[in-house]
1. For the range 86-106, enumerate the residues that are farther than 21 Å from PHE123 by Cα and either near ligand 1 (Cβ under 10 Å from one of its atoms) or buried (at least 19 other Cβ atoms within 10 Å of the Cβ) (or both).
2. Yes or no: the range 73-85 includes at least one residue that is part of a loop (DSSP other than H, G, I, E, B), within 11 Å of ligand 1 (Cβ to nearest atom) and among the basic types (Lys, Arg).
3. If you check every pair at least six apart or on different chains, which have Cβ atoms under 9 Å apart with a residue in the range 102-121 that is farther than 19 Å from VAL32 by Cβ first and a residue that is of a type in the set (D, E, K, R) second?
4. Within the range 221-260, count every residue that is polar (S, T, N, Q), farther than 20 Å from LEU148 by Cα and within 26 Å of the chain's Cα centre (by Cα).
5. Looking at PRO198 and the list (1) touching a residue at least 40 places away in the same chain (Cβ under 8 Å); (2) touching a Gly at 6+ places or on another chain (Cβ under 9 Å), which single condition is not satisfied?
6. Looking at (1) more than 23 Å from ASP278 (Cβ to Cβ); (2) free of Cβ contacts under 8 Å to residues at least 40 places away in the same chain; (3) of a type in the set (Val, Ile, Thr), find the lone condition where VAL150 falls short.
7. Quick check on the range 271-290. Is at least one of its residues farther than 29 Å from ASN175 by Cα, crowded, with 20+ Cβ neighbours inside 10 Å and in contact with a Phe, Trp or Tyr (Cβ under 6 Å, 6 or more places away or on another chain)?
8. Within the range 307-338, can you find the residues that are at pLDDT below 90 and among the β-branched types (Val, Ile, Thr)?
Amino acid sequence: MPFIRNAWYVAGWSRDFGDDLVALTITGQTLVMYRTSTGEVVALEDRCPHRQLPLSKGKRIGDTIQCGYHGMTFNGQGKCTRVPGQDNLPASAYVDAYAVHERHGIVWIWMGDPTLADTDTVFDLPEFSDPAWHAHQGEGLHIEANYLNVAENLVDPAHVSFVHPTTLGNASSENVPVHVSTQGKAIVAWRWIRDAPPIGFFQKFGGFSGNVDRWHYYYLHLPSTAVIDFGSADAALNLPEDDRNKGVRIFALHFVTPVTEDYTIDHWMHLRNTAVGDEAASGQMDAMFKIAFAEDKEILEACHAEEKRPQKRKPIRIAIDKGPNVYRKRIRDLVEAETTEDLGEPVAPTFIQHE
Ligand code: FES
Ligand SMILES: [Fe+2]
């Protein structure tokens, strides 16, 4: 399936971009990125229009890149500023420049038509700037799988009991039904596990030893940003669903970036309303998340490899697949909208469907 291009994807953390040329691939497109002397991150097509050498193999001259083959030079807008050996600069001597937006230490890139890039639509949460919350950036998890499988896993609370038994799930949630709804453009899958022993994560960070109420809300924003709102509160509080801030609450964020059909990078981080300012706790949480994400990676890569083999019969869908099913349908609709152009003028209906 084609990638969705008119969307913001995470290219990396702010710390990943400096003076050096960084080569990366997003939605199959190769890019060269760097930070200019004014602090702005720029992204260019990583292919010289002359002999197609990736510009990332050239070198920076001030805020421009000089191609490593014959020295054609391009500025941060992709415009050619020098062709060695001639005085004129041909109009077709340019590389595509991509819209980039940096916010909360995250570098986003718009892979489609730059004139459609609206920075108001970059994913945001009020908790990023709330002093009662602590934001901590993790890493980029590289997964040899298609991004749809990675994103789908993030609207699938049912897997945690089986894939993450020591960290994020335990047997008490195996048979608790998952609710699914849509909130605007987000798909939400959630469940509460009431009055059950705490999972490993909240034994460690909530200090809970007796029974707790635990929630998992999986929000998937199209095309592939996930927020997993999970937490626990003492079961005696019988916490209402909308009072989750009264418990120990964590948002695990996953910015899922399609690299190629078979490769995905999941930049993950978290926001939390507990242990604010405590970097030792951040490190301990990272260690637990890394256990869990390595478990996801193993499963997703094995499924992807199997999907690529000849199929004797159709895979099946079961009751817990509601979130993933809605997600796939919305992705198909987005792809359809992006890859076709509807030029039909509104006319009197000529198509009548008989029941
Ligand atoms: S390939 Fe870049 S200048 Fe020739
Ligand atoms: Fe998982």
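1. ALA93, VAL95
2. Scanning the range 73-85 turns up no residue that is part of a loop (DSSP other than H, G, I, E, B), within 11 Å of ligand 1 (Cβ to nearest atom) and among the basic types (Lys, Arg).
3. From residues that are farther than 19 Å from VAL32 by Cβ, the pairs are ARG103/ASP124; HIS104/ASP124; GLY105/ARG15; ASP113/ARG5; THR119/ARG103.
4. Total meeting the criteria: 2.
5. Exception for PRO198: condition (1).
6. Failed condition: (2).
7. No, the range 271-290 contains no residue that is farther than 29 Å from ASN175 by Cα, crowded, with 20+ Cβ neighbours inside 10 Å and in contact with a Phe, Trp or Tyr (Cβ under 6 Å, 6 or more places away or on another chain).
8. ILE320 - this is the single residue of the range 307-338 that is at pLDDT below 90 and among the β-branched types (Val, Ile, Thr).
The values are calculated or read from the model by the stated rules, or taken from the named source; none is laboratory data. None of these values were measured; they are calculated from a predicted model. With ideal geometry, Cβ positions are generated from the backbone for all residues, glycine too; neighbour counts draw on all protein chains shown.
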